[in-house]
Amino acid sequence: MPRAERRRIATGRSLIRDAAIWLALTTLALGMPGCANRPAIEPAGTAAPAALSGDAAAPRPPRTPGDPVEATNRRFFRAQSGIDRGFFGPVARFYKRVVPRVIRSGLRNIIRNLTEPVVFVNDVLQIKPKRAVRTLGRFVINSTVGVAGAIDVAKTADLPYRANGFGNTLGRYGVGPGPFLYLPLVGPTTLRDLLGGQLDGLVLPVGVGFPFDRLDYQLSRGVVSTLDRRAEAEDDLKALLSGAADPYATLRSVYLQSRAAAIAELRGSSDGTEALDDPLLDPAESPPDPTAGAAPEVPEQTDSAACADAGSCSPAPAEGATPDAAPETLPDPAAGAIAEPMGMAA
C-alpha cells in the first residue's frame, strides 16, 4: 500500500477516535445541571478570552501525570476558545451591558438560593452541623425576607454564600479526583467533580419535583447562569490567562489547586494548600527541586591580619560602615496595603 494511502487511513482513524470521545463527553456534559456549583475558575459554557489564541501554536508538551487524556482536552480547549471568542464572549458582554446590574444581581441571588438545599444536604453528609445550621438559616432568611432569594439579606447578617456539593463530599471521605477533564460546555473538571455535579443536579428534581424537573426550567436556568457567570468572570479570566505561556496548563493548575485546597479544608488539614502560594504551580506535574538553580553560598571575607593577631576570625566590616551603629529598620511594604481577593461579584 502506498505511503500516502496509509497516512490518509491513519488520519481518518484519528479523526474518528476524537469524534467518538467528543460525542461521549458532550452527551454526558449536557445532562449536568449541577455543574454551576463548581469553583468559579471558569464558568460553564466558558472558554478563555482572546489571549488563548496562542495556545494552538504552542508545542505539544509531554503527557502530564493526572491528565491522561491531555491531547483530547487540549483539542476541546482550543475549540471552545474559538467558540467563546466568536459567540459566548460577545453575547455575555452584551448581556452585561444591556441588563441593569440590579436585575443581574437579583437573578444571580435567586439561582444561588436554589442551590442552598444542595449545600445543606452536603453539610450534613460531611458531618458539619454548624455549617448546616448556617446554611439553613441563610436559606430561610433569603427565601422570606429576601423575596425568594432575589435580595441577599443573609449576607448582611454574617451568613455569606458558600458553595458545596457532592464532589466535596466524595473528596471529604477519601475519593480521589481522578483524571482531569476539559469538557465542551462544562470547562475544567475532574471525574470526581463530574459525578458529583450529576448528583447535585438530581437533588431538587428528585426531592421536590415540579418545576425543577421540567426541561424548560433547566434550560432557562442554564442559559441565565451561563451568561451571568461568563460576564462576571471576564476580567478575572483576562488577568489569569492573558500573559500565560500555556493557558491550558495555567487553567488546569488553578482549578486543581482550588479543589485540593477545598478538600483539605473539609478534612481539617493543610495538605494541598501550600500549592496555592504559586498559582502557576501545576499540581499534576512533579514538584520542582527547591535547590535546583540555587546560587552557591559565598563565604564571607575576613580580615586576615586580625585573624593572625587575635587568633580568631570575624567578618570584616564594610568600608565606611560604623561598627556600633544599630541596623536600619526598613519600612514594611505591606503596611497599610489592602488586598482585594479575585473572584466574581456577589
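Out of contact with any Asp or Glu (no Cβ under 8 Å at 6 or more places or on another chain), of a type outside the set (Asp, Glu), without any contact (Cβ under 8 Å) to a residue 24 or more places away in the chain and in a loop (DSSP other than H, G, I, E, B): is that true of ILE127 in this structure? So ILE127 fits the description; yes. Pairs meeting the criteria (first residue in the range 140-165 and free of Cβ contacts under 8 Å to residues at least 12 places away in the same chain and more than 25 Å from LEU266 (Cβ to Cβ), second residue open to solvent by less than 80 Å² (accessible area, probe 1.4 Å) and assigned to a helix (DSSP H, G or I), beta carbons under 6 Å, at least 6 apart or on different chains) are VAL145/VAL153. Screening GLY149 on (1) assigned to a helix (DSSP H, G or I); (2) open to solvent by less than 40 Å² (accessible area, probe 1.4 Å) shows it passes everything except condition (1). When restricted to residues that are assigned to a loop (DSSP other than H, G, I, E, B) and of a type in the set (S, T, N, Q), the range 71-124 contains 0.
Residues of the range 82-106 being buried (at least 18 other Cβ atoms within 10 Å of the Cβ) and of a type in the set (A, V, I, L, M, F, W, C), which ones? Across the range 82-106, the qualifying residues are PHE88, ALA92.
Among the residues of the range 214-223, not a single one is polar (S, T, N, Q), touching a helix residue (DSSP H, G or I) at 6+ places or on another chain (Cβ under 9 Å) and closer than 21 Å to SER81 by Cβ. Inside the range 219-265, residues that are touching a Leu at 6+ places or on another chain (Cβ under 6 Å) and either under 22 Å from ILE111 (Cα atoms) or open to solvent by 40 Å² or more (accessible area, probe 1.4 Å) (or both) make up a count of 1.
The single condition from (1) hydrophobic (A, V, I, L, M, F, W, C); (2) closer than 22 Å to ALA163 by Cβ; (3) at pLDDT below 95 that PHE87 fails is (2). State yes or no: is ASP216 under 30 Å from ARG93 (Cβ atoms) and touching a residue at least 12 places away in the same chain (Cβ under 8 Å)? Here the answer is no, as ASP216 does not meet what is asked.
All conditions in (1) open to solvent by 20 Å² or more (accessible area, probe 1.4 Å); (2) in a helix (DSSP H, G or I); (3) touching a residue at least 40 places away in the same chain (Cβ under 8 Å); (4) over 29 Å from GLY106 (Cα atoms) hold for PRO177, with the sole exception of (2). Residue pairs whose Cβ atoms lie under 8 Å apart, sitting 6 or more positions apart in sequence or on different chains, and linking a residue in the range 241-257 that is without any contact (Cβ under 8 Å) to a residue 40 or more places away in the chain to a partner that is in a helix (DSSP H, G or I), are THR250/LEU240; THR250/LEU241; GLN257/ALA275; GLN257/LEU276.
Quick one: is GLY167 closer than 30 Å to PRO68 by Cβ, surrounded by fewer than 20 Cβ atoms within 10 Å (Cβ to Cβ) and either hydrophobic (A, V, I, L, M, F, W, C) or at pLDDT 95 or above (or both)? Criteria not met by GLY167.
The values are calculated or read from the model by the stated rules, or taken from the named source; none is laboratory data. As the structure is a computational prediction, the values presented were derived from the model and not from experiment. Virtual Cβ from ideal backbone geometry, glycine too; neighbours counted across all protein chains shown. Calculation scope for accessible area: heavy atoms of the full protein, side chains included, ligands and nucleic acids excluded. Shrake-Rupley method; radii C 1.70, N 1.55, O 1.52, S 1.80 Å.
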